[in-house]
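Working notes, structure below.
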Amino acid sequence: MKGPSMKHPQPVFDANSSGGKDFGNLPEWDLSDLYPATDSPELTRDMAWLETECADFAATYEGKLAALDAAGLLAAVQRYEEIDVIAGRIMSFAGLRYYQSTTDSDRAKFMADCQDKITNFTTPLVFYGLEFNRLDDTHLASLLAANADLARYKPVFDRMRAMKPHQLSDELEKFLHDQSSVGSAAWNRLFDETMAGLEFTVGGETLSLESTLNLLTEHDRSKREAATHALAEVFRDNIKIFSRVHNTLAKEKEIEDRWRKMPTPQTGRHLSNHVEAEVVEALRNAVVAAYPRLSHRYYALKAKWLGLERMQTWDRNAPLPMEIDKTVGWDEATETVMSAYADFDPKMAEIAKPFFTDGWIDAAVKPGKAPGAFAHPTVTPVHPYVMLNYLGKPRDVMTLAHELGHGVHQVLAAEQGELLSSTPLTLAETASVFGEMLTFRKMLEGAQTQQERKVLLANKVEDMINTVVRQIAFYDFECKLHAARAEGELTPDDINALWMSVQAQSLGPVFD
């Protein structure tokens with residue numbers, strides 16, 4: 001529908017800022033495979049090429065797609081794909097630099113300037129998706145039948161044409177494309193920068209978000225409680241910003257959905273994930289029906305293991321009493337994941353190796369770094385990059401295995417070319433959970449005692465509750481939030497009430 005995709009990492013502090021623990025030599029990104037520097041001749045050349053090529057593409061093809069034969073349409077698709085590569089390469093470079101330090105104003109400005117330029121350059125390309133969707137079905141089918149190379153792109157065309165009932169006039173689509181960098185993208189950036197800049201005081205020590213969240217997995221219950229109160233206090237100080245972001249994003253979506261005639265707030269997401277609403281609803285209902293025998297039952301068991309009558313929010317991710325408080329060094333984490341991958345297939349470990357040796361992973365916790373973890377595919381002629389916030393917990397090893405699963409998948413998918421390599425969320429998460437499970441099974445096989453096995457299994461149950469149950473709770477929260485926002489502005493208390501309702505339902509009666 002819009003111009004080429006300006007790919008951004010999905011999101012998601014110096015190792016010594018995480019409590020002084022030494023995890024070994026944690027790797028950092030080497031982004032030179034994208035561009036050597038922000039002022040490099042290569043970047044200047046690509047930016048100039050992009051401006052010229054977008055204008056030339058529009059001059060060549062606007063108003064003429066319907067008259068092209070199969071070879072002509074293939075040439076147009078391949079030129080569009082090349083534009084997508086260069087635009088994606090520039091924005092990957094700018095975006096990854098930004099996520100390394102979201103509070104660095106120079107990095108934020110560089111990313112915003114790149115986004116503005118590329119949005120301007122690609123506005124003339126909006127016609128492409130709109131005109132393509134106006135092609136007659138029979139005519140397009142005859143072109144695909146006549147040219148095998150063109151037919152290879154059919155999945156891309158199917159995705160585009162799924163949006164056909166929801167596209168607006170050419171002028172409105174150009175307007176939306178033009179103002180995209182100051183719409184939801186700007187509000188998301190405000191949220192990201194706010195979160196990355198937060199500091200929390202726990203026990204007299206000032207910590208980052210990641211380091212504070214890490215305390216929620218401490219054996220000492222008083223430390224977990226103190227960390228929870230510190231999080232709540234700082235979040236409360238920022239609640240006006242957070243509620244404004246939620247209200248604005250939900251309202252902006254409601255307006256665009258109304259104009260596009262989307263039947264529900266969820267429709268756009270289902271279309272982008274290439275999944276039918278009935279499938280999502282069936283999944284949601286099955287998981288919610290299973291809450292009592294999954295999360296409710298598990299947390300009731302965990303309360304007994306912890307010797308608690310009632311569980312508090314700071315007990316959700318507490319380690320089990322028999323769990324050894326172990327710090328896993330980076331070298332051990334690398335060996336664990338790489339050997340698990342190699343046991344499955346040496347080729348998988350071979351694909352994963354450059355992530356560790358060639359600067360494709362950024363692992364340390366640093367001030368201003370984006371929280372969480374992600375794998376970003378960048379563009380097919382380059383390679384993916386993985387971001388972690390590694391703090392030496394056994395769960396951090398699982399996060400590494402998870403993100404590396406994405407990375408290996410992205411390397412393999414790159415062989416399909418830029419337009420065909422991207423996968424919907426549903427398929428992408430299959431690859432990451434697969435990498436995670438390979439590593440888990442390797443660790444389970446190496447367990448020396450039944451107690452060690454119990455701890456590993458309990459941790460995996462909790463991971464799967466977070467992967468399935470918690471995500472469904474997030475989905476329900478978002479559905480409720482969009483429905484409530486349609487009735488008017490939401491106060492912080494309104495949003496909190498929606499959140500508490502889904503938490504109570506998913507976590508179960510053992511929690512206060």
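The values are calculated or read from the model by the stated rules, or taken from the named source; none is laboratory data. Keep in mind it's a predicted model, so treat the numbers as computed, not measured. All Cβ positions, glycine included, derive from the backbone under ideal geometry; neighbour counts span all protein chains shown. Keep in mind that these areas ignore ligands, DNA and RNA; they rest on the heavy atoms of the full protein, side chains included. Shrake-Rupley method; radii C 1.70, N 1.55, O 1.52, S 1.80 Å.
A few notes on this one:
- Leu283 - accessible surface, heavy atoms, 1.4 Å probe, Å² rounded to 10: 100 Å²
- Carbon-plus-sulfur accessible fraction, the chain (probe radius 1.4 Å, protein heavy atoms only): 55%.
- Along the axis of the charge dipole computed for the chain (Cβ charges of +1 for Lys and Arg, -1 for Asp and Glu, origin at the Cα centre), the listed residues Phe477, Gly63, Thr212 are led at the positive end by Phe477.
- According to the Kirkwood relation over distinct C-alpha pairs, the hydrodynamic radius of the chain is 24.9 Å.
- 3J(HN,Hα) along the stretch 215-223: 5, 6, 10, 7, 5, 5, 5, 5, 5 Hz, from the Karplus curve 6.51 cos²θ - 1.76 cosθ + 1.60 with θ = phi - 60°, whole Hz, x for Gly and Pro.
- Neighbourhood charge, 15 Å Cβ-Cβ cut-off, centred on Gly203 and excluding it, Lys, Arg +1 and Asp, Glu -1: -3
- Helical content of the chain, expressed as a calculated mean residue ellipticity at 222 nm, amounts to -20000 deg cm²/dmol (DSSP H runs of 4 or more residues, -39,500 (n - 2.57) each, divided by residue number, nearest 500).
- Rounded to the nearest Hz, the phi-derived 3J(HN,Hα) couplings of the stretch 295-312 under the Karplus curve 6.51 cos²θ - 1.76 cosθ + 1.60 (θ = phi - 60°) are 5, 4, 5, 5, 5, 5, 5, 4, 4, 4, 4, 7, x, 10, 6, 10, 9, 9, where x marks glycine and proline.
- For Met311, residues with placed amide H under 5 Å, excluding near neighbours: Phe511, Asp512
- Between Val202 and Leu207, the built amide H atoms are under 5 Å apart, and every one of these is 5 or more places off in sequence or on another chain.
- For the chain, size of Cβ-based charge dipole, Lys and Arg +1, Asp and Glu -1, in debye: 1420 debye
- Accessible-area order (highest first, 1.4 angstrom probe) of the listed residues Arg485, Arg453, Arg297: Arg297, Arg453, Arg485
- Computed accessible area, Ser422, all protein chains, 1.4 angstrom probe, square angstrom: 60 Å²
- Residue-wise HN-Hα coupling along the stretch 79-93, computed from phi with Karplus coefficients 6.51, -1.76, 1.60 (Hz; x: Gly, Pro): 5, 4, 4, 5, 4, 4, 4, 5, 4, x, 5, 5, 6, 5, 4
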